[in-house]
1. I'm trying to understand the selection: among the residues of region 37-75, which are within 21 Å of the chain's Cα centre (by Cα) and of a type in the set (Ser, Thr, Tyr)?
2. Among the listed residues ILE329, ILE399, ILE341, which satisfies the condition of being part of a loop (DSSP other than H, G, I, E, B), within 18 Å of CYS280 (Cβ to Cβ) and aliphatic (A, V, I, L, M)?
3. If I filter region 395-424 down to residues being loosely packed, with under 15 Cβ neighbours inside 10 Å and of a type in the set (A, V, I, L, M), which single residue comes out as nearest to SER360 (Cα to Cα)?
4. State which residue is farthest from HIS155 (Cα to Cα) when the search covers only region 86-100 and only residues that are part of a helix (DSSP H, G or I) and open to solvent by 30 Å² or more (accessible area, probe 1.4 Å).
5. So which residues in region 41-60 are free of Cβ contacts under 8 Å to residues at least 60 places away in the same chain and either of a type in the set (Gly, Ala, Ser) or open to solvent by less than 10 Å² (accessible area, probe 1.4 Å) (or both), if there are any at all?
6. Pairs please, first residue from region 85-108 and in contact (Cβ under 8 Å) with a residue 12 or more places away in the chain, second anywhere and open to solvent by 50 Å² or more (accessible area, probe 1.4 Å), Cβ atoms under 6 Å, 6+ apart in sequence or on different chains.
7. Of all residues being within 23 Å of HIS402 (Cβ to Cβ) and out of contact with any Pro (no Cβ under 9 Å at 6 or more places or on another chain) in region 319-341, which is most open to solvent (accessible area, probe 1.4 Å)? Just the residue, please.
8. With the condition kept exactly as written, say whether any residue in region 366-375 is crowded, with 19+ Cβ neighbours inside 10 Å, aliphatic (A, V, I, L, M), touching a residue at least 12 places away in the same chain (Cβ under 8 Å) and part of a helix (DSSP H, G or I).
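The values are calculated or read from the model by the stated rules, or taken from the named source; none is laboratory data. Quick caveat, the model's predicted, so the values are computed rather than measured. All Cβ positions, glycine included, derive from the backbone under ideal geometry; neighbour counts span all protein chains shown. Protein only, heavy atoms only, side chains kept; ligands, DNA and RNA dropped before computing areas. Shrake-Rupley method; radii C 1.70, N 1.55, O 1.52, S 1.80 Å.
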Amino acid sequence: MRIALYEDGSAGDLGPIALLRPVFELVCGRFTQRERVLRAFGAREWSVFVRPYLAETYREEFPQAAVNDESRLSREPTLLINGRWLPTPESLAAIRHDEVGVIDDSVAYLTLDPLEASLLSDISWDDALARIARTRRFVPAGGKLIHRPWDLIEHNAAQLVSDFHALRDAHSRCEAPSQAAVLGPPENVAIDPAAQVDPFVVIDARHGPVTIDAGAKIQAFTRLEGPCHIGRDSQIFRANVREGTTIGPVCRVGGEIEESILHGHVNKYHDGFLGHSYVCPWVNLGALTTNSDLKNDYSAVKVPLVGEAIDTGSTKVGCFIGDHTKTAIGSLFNTGSSVGIMCLILPGGELLPKHVPSFSRVWHGELVEPWDLARNLDTAQAAMFRRGTKLTPAMERLIRYHFESTSEERAVALHRSRDLAAVR
């Protein structure tokens, strides 16, 4: 049976962190949903159905995948898995071909018969799958459905634990250096033999597992609290990494981090606090960049996604930062901030605007006209070159697409900023 991951009509609700990737390529726990599903099924052939503007870059990054190819669905039964579903190992193992897994009336998975494939071309996928689902036996899917960016943060700690136990037998373990301190059960710590852990590192596994991937380097006087994960080739510099944190591959991290996800290729070398936040690739957080993740009155936090304030229902929410954004020294993000892709942040000694649309500039704390896109692309190319990679023409076309598609959001935000400045 083929596996196909798809984005439903709510994919856009994941805000700036899903502008340059499908929702199933967002990280929660140690893995993306795609990685978790393909591991569970051992699938060699797989398909994806993504927003049309993501198809070219996805084909480039994953040439082994069939992208937006509906003709494949008519050849053999295909297990369709909603890209927003965060499954448990048990829920994946329990999938049956004659059932549809649902969460809150949304389809999490169903097996599509080849004869039903034509239905997906007639109407929207959401409507078509709802119609097909009515011919199946409904069962609770298990796991969680991700609706907004902060859901990834809320479920990250539990997902780290689940991922650890699912891979317990596959872990490569080595002993921490004798001068490093391991608190809690040693079996809760998995350090790849190709990782480097200096003396005077504290690994606290009393509240959850700690995993360190190959090539990672943990500098002396770092503290890692489980559950947490340090990805391949990441470097941790005298940091306090608190529980519920995922640091993806090729990151440089210092300061204090709590219950946050650094997707990969993130630079947070210097001191500063990052809490309850999701940071996308190629973001550089300047020295002492800090975010608030709790309001003074302990009330629920609202996050402005595309300028609309969304009530999270949670009191602990940090910031969500899109790809290639750069912050200067001393940047201070308010509780529940949304920052788009390719933004340039220069602080003014006060809290920054909570809503910073993609390609915006914040100059001395105020939103101003965006800088030239060509300069932005040059900066991205330079940053990627420093890490041995490059900005491909396909990715540049995707970025240019978003530059146009977010122009109205920028204009509205800039107008609002000028109105606020006028009454001060």
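1. Passing the criteria: SER47, TYR53, THR57, TYR58.
2. It is ILE341.
3. My answer is ALA411.
4. ALA93
5. Selection gives GLY42, ALA43, SER47, VAL48, ALA55, TYR58.
6. LEU86/LYS144; PRO89/ALA166; LEU92/ALA40; GLU99/ARG137; VAL100/PHE138; VAL102/PHE138
7. Applying the filter and picking the extreme gives LYS326.
8. Checking region 366-375: not a single residue is crowded, with 19+ Cβ neighbours inside 10 Å, aliphatic (A, V, I, L, M), touching a residue at least 12 places away in the same chain (Cβ under 8 Å) and part of a helix (DSSP H, G or I).
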